[in-house]
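Accompanying notes for the structure given below.
The values are calculated or read from the model by the stated rules, or taken from the named source; none is laboratory data. None of these values were measured; they are calculated from a predicted model. Backbone-built Cβ (ideal geometry, glycine too); neighbour counts: all protein chains shown.
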Amino acid sequence: MRICGVDLTGSEAVICLLVKGNGDFNLPECRVRKLVLKKGHTREDLRQFQLDFAGLMSEYSVDKVVIRERMPKGKFAGGAISFKLEAALQLIPDLDVTLMQPSQINSVLAENPAGIKFSETELKIFQEVAFKTAYAACLTI
């Protein structure tokens, strides 16, 4: 199963692809590390972001997209634009998109730590949250 972990920050969707199989996982190469909402947040901009994301998921044959859920209020609340990006991703036809709470991600990781240090994955540091999201999803599917 091919999973895409997503961390929405501001007007960006940071992604990490993970392939689950035979009790282990690997991190396939991906030409894109993050997608950025271009220009502003008009209907056309959101639609283009949605099309770009859908095309990337199709290109890499992703089976499931898991977005790290942001809090609607409080110290770690997500911004308005990131909620629009979340909705745009959830509304992509024929793409299995779910949300995963940060507390659930942390709980899964505490019980099942990755067998590799993040620094050894060859991912960029800004992809760490997306990686943790994909890895936790991989263990709960």
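Odds and ends about this structure:
- Test result for residue 86, surrounded by 13 or more Cβ atoms within 10 Å (Cβ to Cβ), closer than 26 Å to residue 24 by Cα and within 16 Å of the chain's Cα centre (by Cα): no
- Within the stretch 1-95, strands (runs of 3 or more DSSP E) holding 2 or more residues that are among the aliphatic types (A, V, I, L, M) and either at pLDDT below 95 or within 27 Å of residue 121 (Cα to Cα) (or both): 2-9, 12-21, 34-36, 64-68
- Pairs linking a residue in the stretch 68-81 that is under 17 Å from residue 104 (Cα atoms) and of a type in the set (D, E, K, R) to a residue that is modelled with pLDDT under 75 and part of a loop (DSSP other than H, G, I, E, B), with Cβ atoms under 8 Å and 6 or more positions apart or on different chains, are 70/76; 70/78.
- Selection within the stretch 119-141 - surrounded by fewer than 14 Cβ atoms within 10 Å (Cβ to Cβ), outside any helix (DSSP H, G or I) and hydrophobic (A, V, I, L, M, F, W, C): 141
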